[in-house]
Amino acid sequence: MPKFCANLSWLFTDLPFMERFKTAKEAGFDAVEVLFPYDCPAQEMRDQLVWNALTFVLMNCPPPNATGGPQGFAAIPGLQDRFRRDFDRTLRYAQVLKPRHIHIMAGASEGPDAEACFTDNLRWAAARAPKQSLTIEPINRQDMPGYFLADYDLAARILDAVAAPNLGLQFDAFHAHRITGDVMGTWAAHGARARHIQVAGFPGRNEPTGGEIDYPAFFARLDAGGYAGWISGEYAPAGPTEAGLGWMR
């Protein structure tokens, strides 16, 4: 059976943020992720993780507020210093929160210069934090216009170019379906590189049930292939979060 994780930036949002940790545990989760935890004191979050015996799986870098600002600078030529300052701030949070993975966001850019910039920044980050698992995630441009990393073959090429043992793929099935229309085929081609998975229904990005993605078949494929990482529910619940958790069972 896959190991499921709650994305507290998307789930249980009717509750104050710090209450979501306990509620996630009570709902059956043993792990959580938070996309942008930087507006909250790191030690308070760490306390919630410890008190509720939760594994902290993932956070994003760079650390803007989740208020509509640019989400990523790593692939934007000319902003290398900005990226590196932000990465160091992320590492300071990570020292307290101890995430399994840090997702490095590319930002909106395009072209060979952007690819070279992203590759150089990832190589620098992997060397800067050699014991920290880092991920990159293809994100579709309908939901995030202009996002540089919107192609799995491009992600594979960059991972090969960086060739760092602590850098891998973050596989979001919702984005994979919107990018390729074929979650199973995309996983067959690129799943061996994946360290973390996120799921949501398609097209509505609600619970991962029904819709165009056959999640029971996908989960069975992961089990059969020996995937040992976490699978995070990163979706907008159609109603109360607890009422829609049947997908985990």
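Do we find that residue 84 is farther than 25 Å from residue 54 by Cβ, open to solvent by 10 Å² or more (accessible area, probe 1.4 Å), outside any helix (DSSP H, G or I) and touching a Phe, Trp or Tyr at 6+ places or on another chain (Cβ under 8 Å) in this structure? Steps first, answer last, please.
On the way: farther than 25 Å from residue 54 by Cβ: yes; open to solvent by 10 Å² or more (accessible area, probe 1.4 Å): yes; outside any helix (DSSP H, G or I): no; touching a Phe, Trp or Tyr at 6+ places or on another chain (Cβ under 8 Å): yes.
Considered against the rule, which asks whether it is farther than 25 Å from residue 54 by Cβ, open to solvent by 10 Å² or more (accessible area, probe 1.4 Å), outside any helix (DSSP H, G or I) and touching a Phe, Trp or Tyr at 6+ places or on another chain (Cβ under 8 Å), residue 84 comes out as no.
Comparison of 35, 15 shows that the only residue that is open to solvent by less than 50 Å² (accessible area, probe 1.4 Å), under 22 Å from residue 240 (Cα atoms), free of Cβ contacts under 8 Å to residues at least 24 places away in the same chain and not in a helix (DSSP H, G or I) is 15. Figure legend. Inter-residue proximity from region 117-131: first residues farther than 15 Å from residue 61 by Cβ, second residues crowded, with 19+ Cβ neighbours inside 10 Å and of a type in the set (S, T, N, Q), beta-carbon distance below 9 Å, spacing 6+ or different chains. Indicated pairs: 117/109.
Return the only residue of 106, 127, 116 being surrounded by fewer than 19 Cβ atoms within 10 Å (Cβ to Cβ), at pLDDT 95 or above, under 25 Å from residue 230 (Cα atoms) and among the aliphatic types (A, V, I, L, M).
Working: 106 fails: surrounded by fewer than 19 Cβ atoms within 10 Å (Cβ to Cβ); 116 fails: under 25 Å from residue 230 (Cα atoms).
Residue meeting the stated conditions: 127.
Pairs are defined by a Cβ separation below 7 Å, a sequence spacing of at least 6 or placement on different chains, a first member in region 71-91 that is more than 16 Å from residue 148 (Cβ to Cβ) and of a type in the set (Phe, Trp, Tyr), and a second member that is open to solvent by 10 Å² or more (accessible area, probe 1.4 Å) and not in a loop (DSSP other than H, G, I, E, B); the pairs so defined are 87/128. Only residues that are open to solvent by less than 20 Å² (accessible area, probe 1.4 Å), in contact with a Lys or Arg (Cβ under 7 Å, 6 or more places away or on another chain), in a helix (DSSP H, G or I) and not β-branched (Val, Ile, Thr) were counted across region 160-200, and they come to 1. When 148, 171 are screened for being in contact (Cβ under 8 Å) with a residue 40 or more places away in the chain and hydrophobic (A, V, I, L, M, F, W, C), only 148 passes.
Would you say residue 103 is part of a strand (DSSP E or B), out of contact with any Gly (no Cβ under 6 Å at 6 or more places or on another chain) and not basic (Lys, Arg)? The answer is yes for residue 103. In region 201-233, of all residues being in contact (Cβ under 8 Å) with a residue 40 or more places away in the chain and within 17 Å of residue 11 (Cα to Cα), the one that is surrounded by the most Cβ atoms within 10 Å (Cβ to Cβ) corresponds to 232.
The values are calculated or read from the model by the stated rules, or taken from the named source; none is laboratory data. Please read all numbers here as calculations on a predicted model, not as lab measurements. Methodologically, a virtual Cβ is constructed for each residue, glycine included, from the backbone with ideal geometry; neighbour enumeration extends over all protein chains shown. SASA here: full protein model, heavy atoms, side chains in, ligands and nucleic acids out. Shrake-Rupley method; radii C 1.70, N 1.55, O 1.52, S 1.80 Å.
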